[in-house]
Amino acid sequence: MYISALDCLISSPSKMLIQLQTMLKMPINKLLTFTDAIVKALPQMLKPNIPRRILDLTKKVWFRLHIITPRSLRLATINALSHTEKVVFKIIPYTDNDITVDPLIILRCDERVYRCPPMLEIILRILAAYMQACKESGLLDNLREVQCIICSFIHQMFIADPNLAKLVHFQGYPDDLLPVTVAGIPSIHICLDFVPELLSQPQRNKQIFAIKLMSYLSCQYALPKSLSIAKLAVSYNHQFILCVMLEKEERADFFLETIPFLVKVCQAFPPLCEDSASLLSQVGRVCYSDLTASGNISESNVIDSKDDKNLNGFPCGSPEPPKKKQKLLCSSKNGLSSKYQKLYTCVKESFSDIVRKAVKNKRLINPITYIYLTTIIILHISTLPLETKQDNEQELIHSDIQQDIA
């Protein structure tokens, strides 16, 4: 009877209304037989034009069932409201442990829930239960709990008014909050719509924030739309190098802030490794040229032990960090030279990370791109002093990267 009433919910809601009223009067042992049917009905309640009376009665039936079978009902409800879209592949349902470890799964349900007050009450009740379970099992400390509560609130605010998300991100916030907001606010994907606009703002701090935000969004949402925006950001960095109107110090400050985040972009989108490597190569030349001109790169760079099998600071698959014998860049009282020294080091470290990830994911990128990355390492030897160049050429022959190319 209930199934037939559910089938004609839209055309004849009165049947559903009568059935729900009957359920509320049933003995609890008899009501339990309708648990699966109630859970199955929840996604149907998210459709438009469902009478509010039916929504309220469904909520009351759900809460009555929750008294008897709380854990199984909560888990079934989350799976029912999280997988509402039709897909061609089989979806693996969440387990109780999955949600206990990461309660934010609950908030990644169908967005229509946040426009349906009775269904939202059910979701918040489930969230409160799992938050308590996390606290009892020691899997969630106070800080994590606070973050979950705040992210839940912000998520609902962004859903209610998407313009608020744009306002918040155009104003900006501390960079160390980006991992929390991007991972903890499901609706933050709407930022992909305005990141290009944020990147085009004249304020340098907004441009830097846009690139950092884009890098985290790329890792969280590796979608074609994210890829196009990531390409735009990398292209913007190229344009920044060529801008002759900028002061050297401003250029150094910009790249010190943004270069490390290229690694995240390449991790999310391996095809961008080539463009990123080209950018790093250009920035490295600018740094080297400036340091050479200012006389602060005598006895330059990093000379590694032959036992480390490491090329100028670039790891070659060693399971442990190499122990380096270094000749550091000469110290200078010139603040600008000091910044370019830091930037040069930052470029080498970022390049190293990108190459290492490319080696691990060489099957995911174009073979030409893979060879291009490793070739740049070889060509980089030409910028070293003669004695360092000879040592590294010998090491390169036996390096892990050469084995991968072969």
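A short reminder: the numbers here are calculations on the coordinates, not readings from a lab. Keep in mind the model is a prediction, meaning the values are calculated, not measured. Don't worry about glycine lacking a Cβ; one is built from the backbone with ideal geometry, like all the others, and counts go over all protein chains shown.
Which shape class, rounded, prolate or oblate, goes with the stretch 41-83 when its Cα gyration tensor gives a ≥ b ≥ c as root eigenvalues, a/c under 1.5 marks rounded, and past that a/b bigger than b/c marks prolate?
Here the stretch 41-83 falls in the oblate category.
If you rank Asp290, Asp96, Asp176 by fewest surrounding Cβ atoms within 10 Å, what's the result?
In increasing order of surrounding Cβ atoms, one gets Asp176, Asp96, Asp290.
Show me the ranking of peptides 252-258, 44-50 by mean Cβ neighbours inside 10 Å, starting with the highest.
Most protected by this proxy first, the peptides run 252-258, 44-50.
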(message) What does the charge count around Thr181 come to, taking other residues whose C-beta lies under 13 Å from its C-beta (Lys +1, Arg +1, Asp -1, Glu -1)?
(response) -1
(message) For a test of the definition: using alpha carbon positions, the gyration tensor, and the 1.5 limit on a/c, classify the stretch 2-156 as rounded, prolate or oblate.
(response) prolate
(message) Show me the ranking of peptides 280-289, 51-60 by mean Cβ neighbours inside 10 Å, starting with the highest.
(response) 280-289, 51-60
(message) When a/c reaches 1.5 or more, the comparison of a/b and b/c decides; with that in mind, is the stretch 186-274 rounded, prolate or oblate per its Cα gyration tensor?
(response) prolate
(request) Determine the sum of side-chain charges near Ala160: Lys and Arg each +1, Asp and Glu each -1, restricted to other residues whose C-beta is under 14 angstrom from that of Ala160. (result) +1
(request) Count neighbours as other Cβ atoms within 10 Å of each site's Cβ, and list the chymotrypsin sites (Phe, Trp or Tyr not before Pro) in the stretch 15-94 that are DSSP loop with at most 14 such neighbours. (result) Phe89
(request) Among Tyr340, Tyr221, Tyr173, rank each residue by its count of other Cβ atoms within 10 Å, from fewest to most, as a rough exposure measure. (result) Tyr173, Tyr221, Tyr340
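Dipole size in debye (nearest 20) for the stretch 2-156 around its Cα centre, Lys and Arg Cβ +1, Asp and Glu Cβ -1?
Around 640 debye, computed over the stretch 2-156.
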(message) Please rank Asp36, Asp275, Asp175, fewest neighbouring Cβ atoms within 10 Å first, as an exposure proxy.
(response) Asp36, Asp175, Asp275
(message) Checking the table Lys212/Lys342; Lys231/Lys348; Lys212/Lys248; Lys59/Lys166; Lys206/Lys348 against a 31 Å threshold on Cα-Cα, which pairs fail?
(response) Lys59/Lys166
